[in-house]
Every structure is written in C-alpha cells, then in structure tokens.
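The values are calculated or read from the model by the stated rules, or taken from the named source; none is laboratory data. On a predicted model such as this, the values are computed, not experimentally measured, just so you know. Cβ atoms come from the backbone with ideal geometry, glycine included; neighbour counts cover every protein chain shown. The accessibility values were calculated without ligands, DNA or RNA, using every heavy atom of the protein model including side chains. Shrake-Rupley method; radii C 1.70, N 1.55, O 1.52, S 1.80 Å.
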Amino acid sequence: MPLAGLRRQQLHGATTATLFRFACAPLLAHCYDIFTVPPHMKRPLAALTLLAAPWLCAQTPEPQTFNGYDAFYASLPHRLFSGDGDQINVSPAHSIRIEGKQYQFKHALAFPGESVYPEDLGRTATLYRSAGHYCVEGIGATSGTGSRHMSVYLIARKDGRIYKLPSLFGSCLGVGRDPDGSIHFLQAKIVNYRAAYDADGVSFDGHTLAHDRFSATPLRLEVRFVEPGNFYRFRQVK
C-alpha cells in the first residue's frame, strides 16, 4: 500500500481528544458552592451531589486509542509538518530533486545508532514541506519487523543540510518546532520487549536538533498496546 494511503488509514477516526483527568472537579466545586446556599438546602444538595458523583464520573471518556504512530504524532503540539505529503522518486544514486535542486542523502548527519545506506528509502518516498524544511520518509525492501523502521530525513531549505532521524516507528509527522524555532523530535524504544510480537508498549524520548548537534531533553512519553501482538494500536499513558 502506498505510504500516503497507509497514512490516511492510520489517521482515520483519530481526532484530537481531551483527557478529562479532572472530570469530577466540577462536582467538587459544586460541593463547595453548597456552603453558600441557605442552611436548609445544604443537606439535600450535598446528598444529591454524592449520589450523582459516581454516575457522572463513570461518564468520563477513556483515553484515546490510536491506530498508528502518525495519528499519535499528529495529536502532539507544534508539528512542523502535517497532512499526507507528496510522492517523490528516489534516484539509484540515493538522492532526490526538489524544485530543481538535488539533495544527496549520503551527506546526511545521522542520529546516533542510525546508518545511511542507498536503499533505505526505497525507490518512492513521501515528501513533506514547511517554510524552512523538507522532510522525506520511506522504507526500503524489508520484511517482518523491519517494516517498523521508517527512514526519515530532515532537510534544511536554507543551507541544504540533511539529517537522518531515529527510524523506529519514525515519521516526518513526529518532527516538531518549538515557539522559539528549535527543532525537536522523538526517539522510540519498545517497552519490555520479549519477542518479535510480544511487548508492553513504546516509550518516546525527546531530542532537539541545533547547530548540527542532537541533544536529549527531559521529555518522555509512553504508550501501551491494547491488543496482544499488535504494535500499532495503543493508548497514551504518560
């Protein structure tokens, strides 16, 4: 399936949701308001509030279930890229041409633990555009769990510098830009990996990119799988 089609499938039904962690707070506030009513009304109102609280709290929506990592990344704030992107051909020389300019990935600075090699994008990749950057993602010939690794290249439009970002569950949608202009992204790690299709979830550690340096940040997110053996259906727990 083309990457753009896969992305639309993953994003289907994944709308921005608010986690009502304090959904019962209005009830507590109402309890305090009880003490501002006439004395003869305090006891009936307090009893009614206590009786209604369990039912109202039970109506609190469960955390959103994501069907894929693109949907999860798209729900995060300050995204640098959005949408489905455009299909672009990758030359046998491991390069692409955008608006008349050639970009060769062999010159990329790779995130620690990542490697740059000619077939890592395949022959067709997905291109995203923003005001200051391009992002290219693709998967070379692979099988089994290898499909969990998406090659993601970030290109600075100003000077043509290229960076290869973490590939495990990678996506251009996982790249963000803070209000101060700094670039940030996530590095995924499988939690409690026991076998190829047996693990608890995925953790995401935050990193920034500035002046050709990758730096870790305190940010840490975590999701937990909701179906045995399915690494693409999960809920955020942190």
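Can you confirm whether Gly160 is modelled with pLDDT under 95 and small (Gly, Ala, Ser)? Criteria not met by Gly160. Among the residues of the stretch 85-94, some residue qualifies, meaning at least one is open to solvent by less than 40 Å² (accessible area, probe 1.4 Å), of a type outside the set (Asp, Glu) and either within 21 Å of Ser215 (Cβ to Cβ) or in a strand (DSSP E or B) (or both).
Within the stretch 95-108, the residues that satisfy the criterion of being open to solvent by less than 60 Å² (accessible area, probe 1.4 Å) and touching a Lys or Arg at 6+ places or on another chain (Cβ under 9 Å) are Ser95, Ile98, Tyr103, Phe105, Ala108.
Listed here are the residues, each with its yes/no results for (1) closer than 26 Å to Asn230 by Cβ; (2) assigned to a strand (DSSP E or B).
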site	(1), (2)
Tyr117	no, no
Asp120	yes, no
Thr126	yes, yes
Ala131	no, no
Val136	no, yes
Ala141	yes, no
Thr145	yes, no
Val152	yes, yes
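Residues considered: Gly170, Gly229. Of these, the only one that is surrounded by 21 or more Cβ atoms within 10 Å (Cβ to Cβ) and not in a strand (DSSP E or B) is Gly170.
Name every residue in the stretch 174-218 that is of a type in the set (Lys, Arg) and either in contact (Cβ under 8 Å) with a residue 12 or more places away in the chain or assigned to a strand (DSSP E or B) (or both), in order of residue number. If the condition is that a residue be of a type in the set (Lys, Arg) and either in contact (Cβ under 8 Å) with a residue 12 or more places away in the chain or assigned to a strand (DSSP E or B) (or both), then Arg177, Lys189, Arg213 are the ones that fit.
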